[in-house]
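Novice: This is the structure I want to talk about, given as structure tokens.
The values are calculated or read from the model by the stated rules, or taken from the named source; none is laboratory data. The model shown is predicted, which means the values in this text are computed figures rather than measured ones. So basically every Cβ, Gly included, is an ideal-geometry build from the backbone, and we count neighbours across all protein chains shown. Accessible surface areas use protein heavy atoms only, side chains included; no ligands, DNA or RNA. Shrake-Rupley method; radii C 1.70, N 1.55, O 1.52, S 1.80 Å.
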Amino acid sequence: MHIAKIFPGVFSALVAVLLAFCLTLSAGAYIEVPLPLGKVIADSTNVVVLRVEKVDREKNLIVYSKVADIKGKHNGDTIKHNIGRGGFHPREWQNIMAWAEVGQTAVFFHNGGAGEVCINGYWYQCYAGDWWAMSHGEPYLLRSYCGKPEKLIPAVTAILAGQEVIVPCMVDGDKMTIQLRTARLQRMKASLKIQDYNPTRDFAGWGVEEFRPIGGMPGFQQYSALSNTGPGAGGVAPIDFDGDGKMDFCLFGDAKVALLQNAGGSLNEIPLGVIGGARAAVWTDYNGDGKPDLLLATPTGARLFTNAGGTFRETTVGLPRTNYTNLTAAAWIDYDGDGKPDILLADGFNGLRLYRNIGAADAGPAKVEFGKWKISGPFENAGGQGFAAVYPPEQKVDFAGEYPGKNGEKAVWKDIELPDGQATSVKVFREENHTFMTIYLFREITTNRAVDLPVSMGSGGPLTVWVNGEKVLAENVARSPAPDQTKPTLRLKAGKNTLLIKACYVEAGRSFFFAATPTESVVPPTFEDVSDKVGLGRNGIAGQLKGDRLILADVDGDGRTDFLFCAGNGVLMLNKKEGFVEVKNSGLAFQSGRITPAFGDFLGDKTMGLFVPQSGGNKLFRNDGKGHFTDVTAKSGALAAATGQAACAVWADFNNRGKLDLIVGCLRGPNRFFRNNGDGTFTDASEEIGFLQRIFNTRGLAAIDFNKDGVLDIVFNNEGQESCVLIGDPLRVAAPSVAKQ
């Protein structure tokens, strides 16, 4: 029972004592002035994601490992914090140590000497040293952000990318309620443009409930707002990507990709490191490890993210390279029936592309061996001439050659010790020649098979890099020597490879840095381009058409996955052993362009029919089981009468009756729900579930059981406004209007 109800006088006195104590501490070092989150970020030189690795509860010590740098680069991968007890109110360190468990996530903001650490629902301040020493708890930063670090990470990332976000925080005012973490919660706008605290201007709503009751929609109980993917909203790609039995999903659009983890009563956004958006997001377990992986179709090409158990590592380097791309759609398809998912892409420049999954295991582990470094020089770089000049070593690498160098010094090849991962001086010439000089570095790299090797370099100025005689990097940038200034990927062939580097120096410094990705992290080629072999490609089927959706299904019942390309009036392609074959007389005809059709067995006869959303009048096609379709819209009941601007659809047994109903997302009008009558006709039941009460402006949707109650919920990706999740009402499956069907 609450102490205030038993001893009200004692409780009031206790509060007074605590308040006096807290104000005494505040006068010394607490952050008294409320700060918006954008100000905290702007004033920090470093923002680092940490994970708890060790906890010593006897000595109050926490050892973190660095997970990622969000802003700046924190030196070292281990960060140690000493959570002191002396001179603090016990709750300050108790809050921290109660939270500290191995695996917990924190976000560390610092300027090299002083830092603020956000843990779950609390902050603390610390000062630099071998062990960063906690100076005190920092509860007043709960006015900047109050919530999980996992949700702070994507917020900070978005803010640094120039976006405005909404964050939960405590209301300013009574400092004791903030100290005790009982202050009222609100949602506030945050961005780098907002550098002063103004809750009147930036207030976005009360509370932080991600799911709140919703009225006026009888089919649903709760509503949760999601990320806005911009005016070019795309779709929803659902999957349980962390293996916890709960459905997660990815929202994508032209402006943003948001990977959302289902944490039960909340959603955590998992950072992917994707700046900008995607035109498709599709899941599959491409490498057979039991975890679904994510493929994105972005304007700059396909990007592959391999699932490491709920976190993701980009492995795009394992995909075939294309010099110029304009990807508009992507899908996973096992075209050859070997059990390994292949990649199907729609490329506005290169036609339909098929990347066959050759499997990383087929190639075996990568082995990369590095030879010793050699250096040649010095050559002139006065006035920055070295970058454009072609000195003898880049015409031919001749280890016995002697060339005229800077100020009469002979330029020859000589051995030099340049330990990988260390910035090392290249001052090996006469002293007067180290200013404004150009040098060449050379080494051999041997691999047991072809591999793309990411490396990191740093120098005192412009860099040019050749691999096997092919120029792979040319950066004419003046800079001081430092690690990680440029990160090219070296495409290596099996056997010996040559690496030639030209570095141009000014008087800022004369050192060089080189580090390669550890061999175990090297991504081998995992796919090969077989587009032309299967009848696709620039000169193949639909090679000159521009389309933006790839919809997959086995439409002819032969056990092989076929696909519909939403280009022109629709192109249906059957997957045959000899390759893909276009069905010229498929019976399908519709207006393509930013619409997402849906295949579904709406008749229950094990054939895949097709619904096509259209502006002004949708289309429903029946399949004869052999891949030939008949337009049955006129006989479909309510579907024939439906108007508006439909953009997307999904088939789902919405009321658990064993029949596929149809949920349609619409623009500039309410979404629609068509109940399947089981005889090829549909009833418009939109009003029964409340769809007519709101306009969501939906471009993409998915029907999932988000909360595992056996009732479908719906995720909407909305155009130009917040996306959302609607949690289904279990009563709807037994509603009188439904039970009689």
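Novice: Cα atoms only, the stretch 522-671: Rg and Dmax in Å?
Specialist: Just the Cα atoms of the stretch 522-671 yield Rg and Dmax of 16.6, 57 Å.
Novice: Continuing with this model, one more query. Given the -39500 (n - 2.57) contribution per DSSP H run of 4+ residues, what per-residue ellipticity at 222 nm results for the chain, rounded to the nearest 500 deg cm²/dmol?
Specialist: -2500 deg cm²/dmol, from helical runs alone.
Novice: From the convex hull of the Cα coordinates of the stretch 185-312, what is the mean projected area in square nanometres?
Specialist: Orientation-averaged projected area of the Cα hull: 10.3 nm².
Novice: Setting aside same-chain residues fewer than 8 positions from Lys406, which lysines have a Cα under 22 Å from its Cα?
Specialist: Answer for Lys406, where 22 Å is the Cα cut-off: Lys374, Lys396, Lys414, Lys427, Lys502, listed by chain and number.
Novice: Taking the Cα centre as origin and putting +1 on Lys and Arg beta-carbons and -1 on Asp and Glu beta-carbons, what dipole magnitude results for the stretch 122-189, to the nearest 20 debye?
Specialist: Around 300 debye, computed over the stretch 122-189.
Novice: Using a simple spin-label model with points 7 Å from Cα along the Cα→Cβ vector, what separation in nm is obtained for Glu101 and Arg694?
Specialist: The answer from the label model is 3.3 nm.
Novice: Let me ask something additional. Using 17 Å as the cut-off for backbone N distance, which residues of the stretch 546-571 belong to the label zone defined by a point 7 Å from the Cα of Arg538 along Cα→Cβ?
Specialist: Zone members listed by number: 546-547.
Novice: Give the average over all directions of the projected area of the C-alpha convex hull of the stretch 491-572, one decimal, in nm².
Specialist: Spelled out: convex hull of the Cα atoms, projected over all directions, averaged, 11.6 nm².
Novice: Check which residues have an amide H placed less than 5 Å from Ala280's amide H, if you skip close sequence neighbours.
Specialist: Ala297
Novice: Something else about it: With equal scatterers on the alpha carbons only and no solvent term, can you work out the Debye log10 of I(q)/I(0) for the stretch 79-122 at 0.16, 0.20, 0.25 1/Å?
Specialist: Each listed q maps to, in turn, -0.47, -0.73, -1.09.
Novice: Net charge near Ile704, counting Lys/Arg +1 and Asp/Glu -1 over other residues with Cβ under 11 Å of its Cβ?
Specialist: Here the count lands on -2.
Novice: While we're here: Please tell me the relative contact order of the stretch 336-400 in percent, rounded to the nearest whole number, where contacts are Cα pairs under 8 Å and at least six residues apart.
Specialist: For the stretch 336-400, the relative contact order is 17 percent.
Novice: Under 22 Å Cα to Cα from Lys39, which lysines show up? Leave out anything in the same chain fewer than 8 places away.
Specialist: In chain and number order, the partners are Lys71, Lys73, Lys148, Lys151, Lys175, Lys189, Lys193.
Novice: Can you check what the net charge comes to around Glu417, using other residues whose Cβ is under 14 Å from the Cβ of Glu417 (Lys, Arg +1; Asp, Glu -1)?
Specialist: +3
Novice: I would also like to ask the following. For the stretch 434-588, with only Lys/Arg (+1) and Asp/Glu (-1) charged at the beta-carbon, what is the dipole magnitude about the Cα centre, in debye rounded to 20?
Specialist: In debye, rounded to 20, the stretch 434-588 gives about 480.
Novice: Treating only the Cβ atoms of Lys and Arg (+1) and Asp and Glu (-1) as charged, compute the dipole magnitude of the stretch 440-504 about its Cα centre; round to the nearest 20 debye.
Specialist: 140
Novice: Residue by residue through the stretch 621-638, what is 3J(HN,Hα) from phi via Karplus (6.51 cos²θ - 1.76 cosθ + 1.60, θ = phi - 60°)? Round to whole Hz and write x for glycine and proline.
Specialist: Once rounded to whole Hz, the list reads 10, 9, 9, 7, x, 10, x, 10, 10, 10, 6, 10, 4, 4, 9, 8, x, 4.
Novice: Moving to a separate point now. Report the accessible area of Arg538, computed with a 1.4 Å probe over the heavy atoms of all protein chains in place, in Å² rounded to the nearest 10.
Specialist: Solvent-accessible area, nearest 10 Å²: 120 Å².
Novice: Here's a follow-up. Hey, what's the per residue convex hull volume over the C-alpha atoms of the chain, in cubic angstrom?
Specialist: 196
Novice: Would you pull out the residues with amide H under 5 Å of Phe706's amide H, same chain only if 5 or more places away, H placed 1.01 Å from N?
Specialist: It is Asp713, by chain and number.
Novice: Using modelled amide H (1.01 Å from N, peptide plane; none on Pro or chain starts), what sits under 5 Å from the amide H of Ser135, excluding residues fewer than 5 places away?
Specialist: HN-HN under 5 Å from Ser135: Gln125, Cys126, Tyr127.
Novice: For the stretch 96-216, report the convex hull volume of the alpha-carbon atoms normalised per residue, in Å³, without decimals.
Specialist: Cα convex hull per residue, to the nearest whole number: 150 Å³.
Novice: If you stretched the chain out fully between Lys584 and Ala474, how much longer would it get, using 0.36 nm times the residue separation minus the C-alpha to C-alpha distance?
Specialist: Taking Lys584 through Ala474 to full extension adds about 34.7 nm, to one decimal.
Novice: Given the options Gly458, Ile343, Tyr505, identify the residue whose Cα lies farthest towards the positive end of the charge dipole of the chain (+1 on Cβ of Lys, Arg; -1 on Cβ of Asp, Glu).
Specialist: Checked the options; the winner is Tyr505.
Novice: Per the Cauchy relation, a quarter of the hull surface: what is the mean projected area of the convex hull of the alpha carbons in the stretch 446-530, in nm²?
Specialist: Projected over every direction and averaged, the Cα hull of the stretch 446-530 covers 6.2 nm².
Novice: Could you run the Debye sum over the Cα atoms of the stretch 283-385, one equal point scatterer each and no solvent, and tell me log10 of I(q)/I(0) at q = 0.18, 0.23 Å⁻¹, two decimals?
Specialist: Cα-only, vacuum Debye calculation for the stretch 283-385: -0.89, -1.32.
Novice: Then there's this: Which order do Arg672, Arg313 take by accessible area at a 1.4 Å probe, largest first?
Specialist: Arg313, Arg672
Novice: Over 27 Å between C-alpha atoms is what I'm after, so list which of Lys584/Lys635; Lys340/Lys367; Lys256/Lys659; Lys80/Lys367; Lys493/Lys576 land there.
Specialist: Listed pairs above 27 Å: Lys256/Lys659; Lys80/Lys367; Lys493/Lys576.
Novice: For Asp254 and Glu369, compute 0.36 nm times the residue count separating them, minus their Cα-Cα distance, and round to one decimal in nm.
Specialist: Length gained between Asp254 and Glu369: 37.3 nm.
Novice: Oh, and also: How big is the stretch 617-685 by Rg and Dmax over its Cα atoms, in Å?
Specialist: Expressed in Å, the Cα Rg and Dmax of the stretch 617-685 come to 12.1, 37.
Novice: Computed FRET efficiency, Cβ-Cβ of Ala450 and Asn326, R0 30 Å: what is it to the nearest 0.05?
Specialist: 0.65
Novice: Note down the relative contact order for the chain as a percent, whole number, built from C-alpha pairs under 8 angstrom at least six residues apart.
Specialist: 9
Novice: Which helices of the chain meet both criteria: a Cα extent of 24 Å or more along the helical axis and a mean Kyte-Doolittle score no lower than 0.5, with helices taken as whole DSSP H segments?
Specialist: Going by DSSP H runs, the hits are 8-28.
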